[in-house]
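Worksheet: the structure to be examined is printed underneath.
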Amino acid sequence: MDGAAIAQKTVFILGITSDIGKALAQRYLRDGYAVVGTYRNLEGLQYLSSQASVDLLHCDVAEVDSVRSAIREYSRLSRTWDVFISCVGTLEPIGGFFDSDFEAWERSVILNSTAQLRVLHALYPYRRQDQVSHAVYFAGGGTNNPFTNYSAYCVSKILLIKMCELLDDETNDLNVFIVGTGWVRTKLHIQTVNNAPRAGQNYQRTVEFMESNNPGTSYDDIYNCINWCVKQGRAIIGGRNFSVVHDPWRQGGETLARQLLGDFNKFKLRRFKNTELEPDGQN
């Protein structure tokens, strides 16, 4: 491995063809990173594919052999990674659990959770080993309430939230965390718009958002929040679930960093208010 490959930081973006993945790749390039990204088709990647600091790998995360092939291709680049970001996912099948085809529901759970973890598992040996590396997943709706008619997507995100805590507990050289973006203007919402009868109230909410002047969460905010988490490091960030929109990370975020450092349980998956229960027999 040559000195240039070691010196230049690398971000690995799983699902670089997603709107968020593509936007993050452009910002990492601007800031001097080498970018490695996976795709299922090259549509919309003309700019990225023309950049010298970008390597694109074909990978369908739902297919084990495709993942293995992508990892083999990555190993040939002789490049370690500093930041891993998973941007793949689907909202489908949309609809009630008992109204959904179970095989489709199960495939969605795998795609939205364990398939993404498979890639991180395979990439782990190729991380930057002279310092802590960073792994980022994205949370979704339903963390604090039901996400009606999107159960496969919802439970997958809950699995990822808990897995971030488990990996943080097990792995000292990886700062792994998960980020909730809020409403972002991406093509993922087309799945809801195309499933009006099955999406329930979320259909109208989605249409109103897409037809409004509400810009939603910006790509810059998502990028800056991830960078804030990377900068704070594992002792403060590791194993936690962050909200780009609602958490006070902006303007330095010193108060939030102090609170996190002092509270092991903050921003993790826990029973709500279970410590406030009165003993049996007391009012």
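Derived scalar couplings between HN and Hα for the range 198-209 equal 9, 7, x, 5, 5, 4, 5, 4, 5, 4, 4, 5 Hz in order, rounded to whole Hz, by the Karplus curve 6.51 cos²θ - 1.76 cosθ + 1.60 (θ = phi - 60°), x for Gly and Pro. Close amide-amide hydrogen proximity is noted between PHE84 and PHE12, HIS134, ALA135, VAL136, each under 5 Å apart and 5 or more residues distant or on a separate chain (H modeled in the peptide plane; Pro and chain starts excluded). Which residue, chosen from GLN8, GLY37, ILE71, occupies the Cα position most advanced towards the positive end of the dipole of the range 1-90, where the dipole is computed from +1 (Lys, Arg) and -1 (Asp, Glu) charges on Cβ about the Cα centre? Going by the charge dipole, the pick is GLN8.
For ASP31 and ALA196, a Förster radius of 41 Å and the Cβ-Cβ distance give a FRET efficiency of 0.50, rounded to the nearest 0.05. Remark: spin-label model distance ARG205-VAL245 equals 0.9 nm, labels positioned 7 Å along the Cα→Cβ axis. Summing charges over neighbours of GLU170, with a neighbour being any other residue whose Cβ is under 13 Å away from its Cβ, gives -2 when K and R count +1 and D and E count -1.
In a DSSP loop and with at most 11 other Cβ atoms within 10 Å, the GluC sites (Glu not before Pro) in the range 1-92 are GLU43. Compactness of the chain, taken as the C-alpha radius of gyration over 2.2 N^0.38 Å, stands at 1.03.
Take every DSSP beta bridge with both residues inside the chain and express the antiparallel ones as a percent of the total, to the nearest 5.
Working: 0 of 26 bridges.
Antiparallel bridges make up about 0 percent of those DSSP assigns within the chain.
Placing a pseudo-label 7 Å from each Cα along the Cα-to-Cβ vector at ASP173 and GLN8 gives an inter-label distance of 2.3 nm.
With the simple model of a label 7 Å out from the Cα in the direction of the Cβ, ASN227 to ASN145 spans 3.3 nm.
Applying the Karplus relation 6.51 cos²θ - 1.76 cosθ + 1.60 with θ = phi - 60° to the range 28-34 yields 3J(HN,Hα) values of 5, 4, 4, 8, x, 7, 7 Hz, where x marks Gly and Pro.
Sum up the charges of everything whose Cβ sits under 11 Å from the Cβ of ARG40, counting Lys and Arg as +1 and Asp and Glu as -1, but leave ARG40 out. My count for the surroundings of ARG40 gives -3. What percent do you get for the relative contact order of the chain when only Cα pairs under 8 Å and 6+ apart count? With pairs under 8 Å counted, the relative contact order is 16 percent. Counting alpha carbon pairs within less than 8 Å and at least 6 residues apart, what relative contact order, in whole percent, applies to the range 1-154? It rounds to 24 percent for the range 1-154.
For the range 218-228, 3J(HN,Hα) computed residue by residue from phi via the Karplus equation (6.51, -1.76, 1.60; θ = phi - 60°) reads 7, 5, 4, 5, 4, 4, 5, 5, 4, 5, 4 Hz, glycine and proline entered as x.
Every read-out reported here was derived from the displayed coordinates using simple, explicitly stated rules and does not represent laboratory data. In this text, all values refer to a predicted model and were calculated from it rather than measured experimentally. Every residue, glycine among them, receives a Cβ derived from its backbone with ideal geometry; neighbour counts consider all protein chains shown.
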